[in-house]
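The values are calculated or read from the model by the stated rules, or taken from the named source; none is laboratory data. Being a predicted model, the structure only gives us computed values, none of them experimental. Glycine also receives a Cβ, built like all others from the backbone with ideal geometry; neighbour counts cover every protein chain displayed.
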């Protein structure tokens, strides 16, 4: 019988493992060059005085199996909180054991316990496997929204422009 999946909150001691998993996720979707974060960034912003995110770690037989990095969000239209899943990663050798589903369900339960009513995430446009996985879980794509973003020098110029 295979070892059970155990879930636990990520800790500052997990930072190197979390960062390595994010690098593998980036490589998996062909976007490794987009990842500029460092373990120190994760340490500072995820485990400092005002954490910007939380992580849930999955282990099987004491080995890292996957993670879900998430943070709270709020819908002004619903008037209720929710959770945004920024990154969901499962090690290749543990795929097919419902690790990703268990991570998402636990995050959703924690959100619901805090009064939340929804879970939101984005999927890489070319990641058909992930799209199918989320659809199987009942997490559908939004037909009325599109993600917009501004980053890097364009963001700094926008943020630093004088208000008129």
Segment 32-49, subset modelled with pLDDT under 95 and in a loop (DSSP other than H, G, I, E, B), residue surrounded by the fewest Cβ atoms within 10 Å (Cβ to Cβ): 49
Cβ pairs under 8 Å, 6+ apart, first in segment 151-164 and in a helix (DSSP H, G or I), second at pLDDT below 90 and surrounded by 10 or more Cβ atoms within 10 Å (Cβ to Cβ): none
Within segment 134-164, considering residues that are in contact with a strand residue (DSSP E or B) (Cβ under 9 Å, 6 or more places away or on another chain) and surrounded by 10 or more Cβ atoms within 10 Å (Cβ to Cβ), the one farthest from residue 119 (Cα to Cα): 134
Hits in segment 1-31 - residues which are surrounded by 12 or more Cβ atoms within 10 Å (Cβ to Cβ), in contact with a strand residue (DSSP E or B) (Cβ under 8 Å, 6 or more places away or on another chain) and not in a helix (DSSP H, G or I): 3, 5, 6, 7, 8, 10
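From the list 65, 58, 108, 132, which one is free of Cβ contacts under 8 Å to residues at least 24 places away in the same chain and either under 26 Å from residue 31 (Cβ atoms) or not in a loop (DSSP other than H, G, I, E, B) (or both)?
From the options 65, 58, 108, 132, the qualifying one is 132.
If the requirement is being exposed (fewer than 13 other Cβ atoms within 10 Å of the Cβ), closer than 22 Å to residue 129 by Cβ and either more than 14 Å from the chain's Cα centre (by Cα) or at pLDDT 95 or above (or both), which of these qualifies: 92, 87? Reasoning before the result, please.
Details: 87 fails: exposed (fewer than 13 other Cβ atoms within 10 Å of the Cβ).
Every option except 92 fails the conditions.
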The listed residue being surrounded by 18 or more Cβ atoms within 10 Å (Cβ to Cβ), touching a strand residue (DSSP E or B) at 6+ places or on another chain (Cβ under 6 Å) and under 21 Å from residue 138 (Cα atoms), out of 104, 67: 67
Some residue of segment 51-59 being at pLDDT 95 or above and loosely packed, with under 14 Cβ neighbours inside 10 Å: yes
